[in-house]
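**Student:** I'd like to ask you about the structure that follows.
The values are calculated or read from the model by the stated rules, or taken from the named source; none is laboratory data. These numbers were taken from a predicted model, which means no experiment stands behind them. Here Cβ is always computed from backbone atoms with ideal geometry, including for glycine, and neighbour counts include all displayed protein chains.
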C-alpha cells in the first residue's frame, strides 16, 4: 500500500503560554493544590515530537492537582543534549523547552537515544526499578486531563488518584489500572518484571496487545477505573492560561471549565474522525534543518509507518494470529513462536 503524505496541511508551531513567557505562571485552584506530604505518585510522560501538545498535557496535570515534583517528562527525541543546551528551535518537531518545564516545577529525564514505544515503556520500567518504585503512572503526551467539577462532593483528579490507590486491594494479583484505556495508567512494577517487560521487537502498534495478553496469561488483572475527564487530543488550546482559574477560589463548574471541557472534547472528536491519520499532529512541524541531529520530518514519519507495519508482522508471526484477542482465544505465553498462521487455514 502506498503511504499517504503524513503532513496534510502542516502548521507552524506558536507560543501558547504567553503568561509563562512573561514569568507569570498562574495559580491553580485552591481546592486542587496537592498536599505538602503525599503518597508517591510518579508520573511519566514521554515526548518525541510536538512541544505545544506536550506542554498542554503537563499543564493539564498540574492544574488537576498532580504535584509537579512527581511528574517526569522523558525527552525521547534522540537529540542527545541539544534541547538542554537550547540548540533546537520551535519549528523543529523535536524541540522541547527545558526552561519552561523547570519553571513549571516538573522533572526531566533524557533518554539515551531515540526509543520506540515499546522501548520507552521498558525505559519507564527500568527507571522505576533503579529508583526502587513499586508502582508508577504514565500518560501519553497527547493526553489532556480535567478534574470532574460536576462531581459532588468534589475532589480533584489527583485526589481521586490517591483515593483510588488507598482503596485498592493490595493482595490482588494486579498489573495495570487503566484510566480511559492507557491515556493514563497505573503500573505494578513486579508484574511487569514477571512477564519480562514489553517486547521491543514489536515496536509500536499491537505491542500493547502482546504485552497485555501476556500479563493476563499469567493471571494478572487489568482493570479500568474512573478519576476524572481524560482526553486524547491532536490540537492545543489557543492559550494555556485557560487551564488556570481567574482566582484561586473560582467557583467550580463555571463558564471557564465548561468552555475548556467542550474544547478538549471537540479536539478528541476531531482526532478520531481524521481520515488520513489520527496521529497527524506528530508530523505537524517541518523545521529544524541544519540543527543538531536533524531528521527530515516527512522521511521520519514514513520510516515510522514502515516500522509499525513490520511490528504488526512480527506480532502475527509470534502468535500465529493477527488480531488483538490472543488471550481471549486461548494462546499460551510459553508457546509464543510455536503457533501456525491461522490466517492461512
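**Student:** Considering (1) surrounded by 15 or more Cβ atoms within 10 Å (Cβ to Cβ); (2) at pLDDT below 95; (3) over 30 Å from residue 252 (Cβ atoms), say which one residue 180 fails and leave the rest.
**Tutor:** Every condition holds for residue 180 apart from (3).
**Student:** Now for a separate question. So which residues in the range 291-325 are loosely packed, with under 15 Cβ neighbours inside 10 Å and within 22 Å of residue 219 (Cα to Cα)?
**Tutor:** 323, 325, listed by residue number.
**Student:** While we're on this one: Residue check: is residue 288 over 22 Å from the mean Cα position of the chain (by Cα), crowded, with 18+ Cβ neighbours inside 10 Å and not in a helix (DSSP H, G or I)?
**Tutor:** Answer is yes for this residue.
**Student:** I would also like to ask the following. If I ask for residues that are surrounded by fewer than 17 Cβ atoms within 10 Å (Cβ to Cβ), touching a helix residue (DSSP H, G or I) at 6+ places or on another chain (Cβ under 6 Å) and modelled with pLDDT of 95 or more, which ones from the range 249-280 would you list?
**Tutor:** Residue satisfying the conditions is 249 alone.
**Student:** Another one. With the condition kept exactly as written, say whether any residue in the range 79-97 is touching a residue at least 12 places away in the same chain (Cβ under 8 Å), under 28 Å from residue 315 (Cβ atoms) and either touching a helix residue (DSSP H, G or I) at 6+ places or on another chain (Cβ under 6 Å) or surrounded by fewer than 17 Cβ atoms within 10 Å (Cβ to Cβ) (or both).
**Tutor:** yes
**Student:** Moving on to the next point. Any idea how many residues of the range 101-120 are part of a strand (DSSP E or B) and surrounded by fewer than 16 Cβ atoms within 10 Å (Cβ to Cβ)?
**Tutor:** Here the count works out to 1.
**Student:** From the list 10, 67, 6, 34, which residue is within 23 Å of residue 249 (Cα to Cα), within 24 Å of the chain's Cα centre (by Cα) and modelled with pLDDT under 95?
**Tutor:** Unique residue meeting the criteria: 34.
**Student:** If a residue must be surrounded by fewer than 16 Cβ atoms within 10 Å (Cβ to Cβ) and either on the phi > 0 side of the Ramachandran plot or in contact (Cβ under 8 Å) with a residue 40 or more places away in the chain (or both), how many such residues does the range 326-345 contain?
**Tutor:** Matching residues across the range 326-345 total 4.
**Student:** Being surrounded by fewer than 16 Cβ atoms within 10 Å (Cβ to Cβ), touching a helix residue (DSSP H, G or I) at 6+ places or on another chain (Cβ under 8 Å) and under 24 Å from residue 17 (Cβ atoms) is the filter here, so list the residues in the range 218-241 that pass it.
**Tutor:** 239
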